[in-house]
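The values are calculated or read from the model by the stated rules, or taken from the named source; none is laboratory data. Here the structure is a predicted model, which means the values were calculated and not measured. Neighbour counts are summed over all protein chains in view; Cβ atoms, including those assigned to glycine, are modelled from backbone coordinates with ideal geometry. The area values use the complete protein model at the heavy-atom level, side chains included, leaving out ligands, DNA and RNA. Shrake-Rupley method; radii C 1.70, N 1.55, O 1.52, S 1.80 Å.
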Amino acid sequence: MTPEADLFTPIQLGACELPNRIVMAPLTRNRAGPGNVPTPMNAEYYAQRASAGLIISEATQISPQGVGYPATPGIHNAEQIAGWQQVTDAVHEQGGRIFMQLWHVGRISHPSLQPDDGLPVAPSAIKPAGEAVTYEGMKPFVTPRALTVEEIRDIVGQYAAAAENALAAGFDGVEIHAANGYLLDQFLRDGSNHRDDEYGGSVKNRLRFLQEVTAAVCAVVDSHRVGVRISPENGFNDMHDSDAQHTFTEVTQMLNTFRLAYLHVLEGDMQTGQTELDYQALRTEFDGPYMANSGYDYQRAQKAVANGQVDLVAFGRLFISNPDLPERFRIGAALATADEATFYGGDEAGYIDYPAMTEADLVSA
Ligand code: PHB
């Protein structure tokens with residue numbers, strides 16, 4: 001918005017004053033403890049990255065049904081709240097800020113991950129192409145069960161309860177995950193939503209679930225502490241929409257009614273980087289801060305903020321291997337490359353053992 005801003009210009013994000021615009025993107029790392037409870041190792045990982053303007057937590061299940069991957073954390077019981085409290089305390093001790101990303105995977109699950117080996121749920125009984133990640137390895141997705149209207153309303157309530165739990169665990173706010181082919185996104189896009197009731201058909205109907213979830217969350221968390229993430233043209237998880245520009249313009253207009261902390265947009269396709277949408281049109285449509293993500297490096301991010309095209313940039317991979325990323329950006333230090341073999345699951349290796357810069361690095365930078 002301010003033409004002279006750069007990544008190091010502080011920004012007021014709803015209720016939070018951020019010292020910089022370098023956000024740690026939500027990253028699934030599959031290292032939660034038994035019972036989907038965060039561990040001291042998770043707390044150390046996040047605390048190491050507390051110099052981010054804002055940390056957005058890894059996607060976190062709002063309910064046992066919301067789970068889609070091994071060892072991902074939840075926020076639906078007391079043990080999980082206590083586990084997350086260690087994380088938020090550790091981040092705050094280091095001077096950071098952290099939002100929790102609220103997640104229900106919908107059809108991107110598998111009976112072996114579900115309570116009572118049940119079928120995963122979705123807007124419509126449409127099987128996504130591809131395979132689920134289970135404790136026994138990759139397994140073909142199954143055809144999900146379409147949710148009833150009563151169940152949809154229950155899930156709206158579960159989002160609100162999870163948001164309340166996130167506050168109880170010490171989070172500074174929450175991000176509603178409506179991206180990447182998970183449950184809320186499955187309702188938004190017409191490739192996965194073939195319903196003929198008030199939750200399907202027109203864009204207004206398809207966005208009703210997100211609208212109700214956002215309203216329910218904003219009833220328990222001040223809307224200035226609530227962000228929403230969308231990914232209009234990400235094909236990940238077998239997603240498509242016949243008119244993404246139109247669909248997500250209406251989604252953005254609907255979100256404007258809430259005075260949110262930010263809109264977080266994963267631009268383009270997560271895997272190919274391809275993009276055809278006019279994101280500037282979406283950005284202009286949105287009344288609050290616009291956070292961009294996917295494929296940004298330092299140069300491109302600096303330029304986008306300086307041009308006023310985006311307000312903040314979320315970095316994923318770079319934060320995995322550079323816990324002190326803002327400082328490295330600031331002094332132009334070399335960046336470490338992340339090891340993909342340790343992205344998902346495992347122990348400390350590739351998780352909390354990427355070092356911050358040393359004095360020697362600082363001298364040579
Ligand atoms: C993943 O585990 O691959 C994953 C999780 C959440 C996302 C995207 C990808 O939003």
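The table for this structure:
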{"read-out": "Residue among Glu198, Glu175, Glu212 that is among the charged types (D, E, K, R) and surrounded by 22 or more Cβ atoms within 10 Å (Cβ to Cβ)", "value": "Glu175"}
{"read-out": "Number of positions in segment 254-301 that are open to solvent by less than 10 Å² (accessible area, probe 1.4 Å), within 16 Å of the ligand (Cβ to nearest atom) and either assigned to a loop (DSSP other than H, G, I, E, B) or touching a Gly at 6+ places or on another chain (Cβ under 7 Å) (or both)", "value": "3"}
{"read-out": "Residues within segment 302-317 that are under 16 Å from Leu13 (Cβ atoms) and out of contact with any helix residue (DSSP H, G or I) (no Cβ under 8 Å at 6 or more places or on another chain), tallied", "value": "2"}
{"read-out": "Filter result for the condition that a residue is free of Cβ contacts under 8 Å to residues at least 24 places away in the same chain and closer than 24 Å to Val174 by Cβ, over Thr257, Thr337, Thr342", "value": "Thr257"}
{"read-out": "Qualifying position, being more than 15 Å from Asp6 (Cβ to Cβ), open to solvent by 70 Å² or more (accessible area, probe 1.4 Å) and modelled with pLDDT of 95 or more, among Leu362, Leu335", "value": "Leu335"}
{"read-out": "Residues that are without any contact (Cβ under 8 Å) to a residue 40 or more places away in the chain and within 16 Å of Ile55 (Cα to Cα), drawn from segment 296-331", "value": "Arg317, Leu318, Ser321, Asn322"}
{"read-out": "Options Ala47, Ala5, Ala43, Ala82: the member that is in a loop (DSSP other than H, G, I, E, B) and not aromatic (Phe, Trp, Tyr)", "value": "Ala5"}
{"read-out": "Test result for Ser223, modelled with pLDDT of 95 or more, within 15 Å of Gly14 (Cβ to Cβ), of a type in the set (Ser, Thr, Tyr) and away from the ligand (no atom under 16 Å from the Cβ)", "value": "yes"}
{"read-out": "Residues of segment 132-149 satisfying the condition of being in a strand (DSSP E or B) and either at positive phi or open to solvent by 40 Å² or more (accessible area, probe 1.4 Å) (or both)", "value": "Val133, Gly137, Met138, Lys139, Pro140, Arg145, Ala146"}
{"read-out": "Enumerated helices (runs of 4 or more DSSP H) restricted to segment 171-224, each holding at least 2 residues that are β-branched (Val, Ile, Thr), touching a helix residue (DSSP H, G or I) at 6+ places or on another chain (Cβ under 7 Å) and within 18 Å of Gln61 (Cβ to Cβ)", "value": "208-220"}
{"read-out": "Search result, residues across segment 224-251 that are open to solvent by 30 Å² or more (accessible area, probe 1.4 Å) and among the β-branched types (Val, Ile, Thr)", "value": "Thr249"}
{"read-out": "So Tyr344, is it farther than 22 Å from Ala178 by Cα, within 21 Å of the chain's Cα centre (by Cα) and surrounded by 14 or more Cβ atoms within 10 Å (Cβ to Cβ)", "value": "no"}
{"read-out": "Subset tally (residues that are more than 12 Å from the ligand (Cβ to nearest atom), of a type in the set (A, V, I, L, M) and open to solvent by less than 10 Å² (accessible area, probe 1.4 Å)) for segment 44-74", "value": "5"}
{"read-out": "Residues of segment 226-253 that turn out to be among the aromatic types (Phe, Trp, Tyr) and either within 16 Å of the ligand (Cβ to nearest atom) or modelled with pLDDT under 95 (or both), as a count", "value": "1"}
